[in-house]
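The values are calculated or read from the model by the stated rules, or taken from the named source; none is laboratory data. As the structure is a prediction and not an experimental result, all values here were calculated from the model. Every residue, glycine among them, receives a Cβ derived from its backbone with ideal geometry; neighbour counts consider all protein chains shown.
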Amino acid sequence: MKKFTSTLLLIGSLFLLDVARADDTPLGEQMSAMNDAYKAMGKETDAAKGATLAREAQTAMLKSLEFKPEAFDKLFPDKAVAAKAMVEYRYMIGEAFVIFCKVEMAFLEGKPDDVKKLLAEAKDLKKAGHDKFMEE
């Protein structure tokens, strides 16, 4: 039982270390802020609060344009490929910004079903971005 508990604690601490490391970068901080707002939007029923959260996510997306993913140079060592990948990264950040603008509008228009659909789009975009720009 002690070995099992120790193993679980080790795995848990490695997970927490990985999360902390990701948030240690300026980009990680922005993505963490966006993710916190994203999670809160999914639970929010007050239109004004939801719109504020959407603006927080928008701000994080805009700020994240200043940075490139930590693993970027390792994933794209060829300069020509890296240049194209950087454009794709900025495009995806722009798409996320637009989605969060639409989420804000949906909150203000009292369309919770639209909010849910748009947040699902944001989740899919996040997965695609992580698949493309993060190391496994």
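Summary table
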quantity	calculated
Single residue of the stretch 103-136 satisfying the filter (small (G, A, S) and over 19 Å from G50 (Cβ atoms)) that is surrounded by the fewest Cβ atoms within 10 Å (Cβ to Cβ)	A128
Hey, M134 touching a Pro at 6+ places or on another chain (Cβ under 8 Å), under 22 Å from E29 (Cβ atoms) and of a type in the set (A, V, I, L, M, F, W, C) or not	yes
Members of the stretch 43-53 found to be surrounded by fewer than 16 Cβ atoms within 10 Å (Cβ to Cβ) and assigned to a helix (DSSP H, G or I), listed by number	K43, A48, K49
Neighbours by Cβ (under 8 Å, 6+ apart or cross-chain): first from the stretch 59-81, outside any helix (DSSP H, G or I); second surrounded by 17 or more Cβ atoms within 10 Å (Cβ to Cβ) and among the β-branched types (V, I, T)	L65/I93
Filtered residues of the stretch 113-130 (kept if of a type outside the set (A, V, I, L, M, F, W, C) and within 18 Å of G94 (Cβ to Cβ))	E121, K123, D124, K126, K127, G129, H130
Condition met for K49 (more than 17 Å from F133 (Cβ to Cβ) and either at pLDDT 95 or above or of a type in the set (A, V, I, L, M, F, W, C) (or both))	yes
Options V87, V98; residue that is farther than 20 Å from M34 by Cβ and free of Cβ contacts under 8 Å to residues at least 60 places away in the same chain	V87
